[in-house]
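Reading through the structure tokens given below for one structure.
Please treat every number below as a calculation from the coordinates, not as lab data. All values reported here derive from a predicted model rather than from experimental measurement. Methodologically, a virtual Cβ is constructed for each residue, glycine included, from the backbone with ideal geometry; neighbour enumeration extends over all protein chains shown.
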Amino acid sequence: MPQLKLIMPSEVLQPGEAGLPDFAAFKYKFLAQGDSWFSIGAFPPTATTNLLLEMRLRAKACAVNCAFPGFALQRMIDRIRDPDFCRLLVGPQSWAWDGILMSTGGNDLIDALQVMPRFGKGHPLEDLPIPPELRLLLRPDEWTPGASADRYLSDEGWATFSAHMAMLFGELQKLRDDAKSQSAGVPLFVHCYDCLLARDAPAGLGKGPWLLPALQAYSIPEADWKALGEELVRRFRQLLLAIDMPNLHVVDDTPGTLTPALGTAHGASNDWQNEIHPTARGYAKLAAKYAARVDAIFV
């Protein structure tokens, strides 16, 4: 099956002497936006690939890829902070895309998990407890009895996070369906994640780990880190499936796809390159499921 051809936004927005990409050579052309799972997840970048680079579809297709490491959904749809995606979707430089491929929500979840138990230095409420509705993790004195990983999670905080994500997807829908968009109502694909295991495995250049410091700050027992990661992936999947957006397609069968890393490993382990980014083999497994969902709509 043909590999998905990736095109940089600059090749469309600021074409050089070679001119615009030959979109006529492809049966389908997509607009892509995302986080490190669609861009760079390790340093050096050659340490792994990304999900789009492993995509193979039954029909010849291309994607103009606006993804960038660390992007949360709020930034992805910000016309000022990330103008390329918005310009390609809405306005005089937009195109009629067959669909939109996205990798989003992972950084939003990580950012929410990294909210500490107390307000930090310099905050007007310095060292006072942060209310449970503003964080996802619970302090030890707030844990409920039982063996489930739910006991470490703030239901109030999860409700806040879910409402925030629903609002952002609403803004994304408005952007896609804008009166100045040539792609109103086209299929939009998002994926779930897999195997969030806290471990001391950074991505390089001082990036990460992300989950490990948060779980340690809340004194969550190491024996429960795997179960807590699985519960977060399960909840995030349910969150995406509950989003009320026309023609939204959730690739919801990614949980359980990858072989988890060893918790004691400080680098690449099984299907994981570092704490939150898969290896090339891991991305290939995920890409097969993403591609199958796209093929089911277009082929």
Quiz item: Could you state the principal axis extents of the C-alpha atoms in the chain, from the largest down, to the nearest angstrom?
Solution: 61, 40, 34
Quiz item: Roughly what % of Cα-Cα distances in segment 42-142 sit above 22 Å, to the whole percent?
Solution: 54
Self-check item: ³J(HN,Hα), Karplus 6.51/-1.76/1.60, whole Hz, each residue of segment 97-112, x for Gly, Pro
Solution: 8, 6, x, 10, 9, 9, 10, 8, x, x, 5, 4, 5, 5, 4, 5
Quiz item: Angle, helix 225-241 long axis vs. longest principal axis of the chain, Cα atoms, 0 to 90°, nearest 10?
Solution: 40
Exercise. Highest first, please rank the peptides 229-236, 144-151 by the mean number of other Cβ atoms sitting within 10 Å of their residues.
Key: 229-236, 144-151
Self-check item: Fraction of antiparallel bridges per DSSP, segment 1-141 only, in percent to nearest 5
Solution: 15
Quiz item: How many nm is it between the label spots at residue 216 and residue 18, if each spot is 7 Å from the Cα in line with the beta carbon?
Solution: 4.5
Practice problem: Please find the FRET efficiency linking residue 93 to residue 134, where r is the Cβ-Cβ separation and R0 is fixed at 45 Å, and quote it to the nearest 0.05. | Solution: 0.70
Exercise. Calculate, for residue 262 and residue 111, the FRET efficiency according to 1/(1 + (r/R0)^6) with r their C-beta to C-beta distance and R0 25 Å; round to the nearest 0.05.
Key: 0.45
Self-check item: Considering only the chain, percent of DSSP beta bridges that pair antiparallel, nearest 5
Solution: 25
Quiz prompt | Positive-end residue, segment 22-103 charge dipole about Cα centroid, Cβ charges, pick of 43, 26, 73 | solution = 26
Self-check item: Pairwise label distance in nanometres, residue 121 with residue 79, each label 7 Å out on the Cα-Cβ vector
Solution: 4.1
Practice problem: Using Cα pairs closer than 8 Å and at least 6 residues apart in sequence, work out the relative contact order for segment 5-298, in percent. | Solution: 20
Self-check item: Estimated [θ] at 222 nm from DSSP helical runs (n ≥ 4, -39500 (n - 2.57)) normalised by residues in the chain, nearest 500
Solution: -9000 deg cm²/dmol
Practice problem: Kindly flag which residue pairs out of 5/60; 60/174; 5/289; 5/180; 226/289; 60/180 have an alpha-carbon separation exceeding 20 Å in this structure. | Solution: 60/174; 5/180; 226/289; 60/180
Practice problem: May I ask you to list the lysines whose Cα is less than 25 Å away from that of residue 121, ignoring any residue fewer than eight positions away on the same chain? | Solution: 207
Quiz item: Can you give the angle from 0 to 90° between the axis of helix 155-176 and the longest principal axis of the chain, with both taken from C-alpha atoms, to the nearest 10?
Solution: 10
Practice problem: With a Förster radius of 41 Å, plug the Cβ-Cβ distance of residue 180 and residue 148 into 1/(1 + (r/R0)^6) and report the FRET value to the nearest 0.05. | Solution: 0.30
Self-check item: Extension gain, residue 25 back to residue 8 (0.36 nm per residue minus Cα-Cα distance, nm)
Solution: 4.5 nm
Quiz item: Relative to the longest principal Cα axis of the chain, at what angle does helix 280-298 sit, 0 to 90 degrees, rounded to 10?
Solution: 50
Quiz prompt | Filtered chymotrypsin sites (Phe, Trp or Tyr not before Pro), segment 128-174: DSSP coil and at most 10 other beta carbons within 10 Å | solution = none
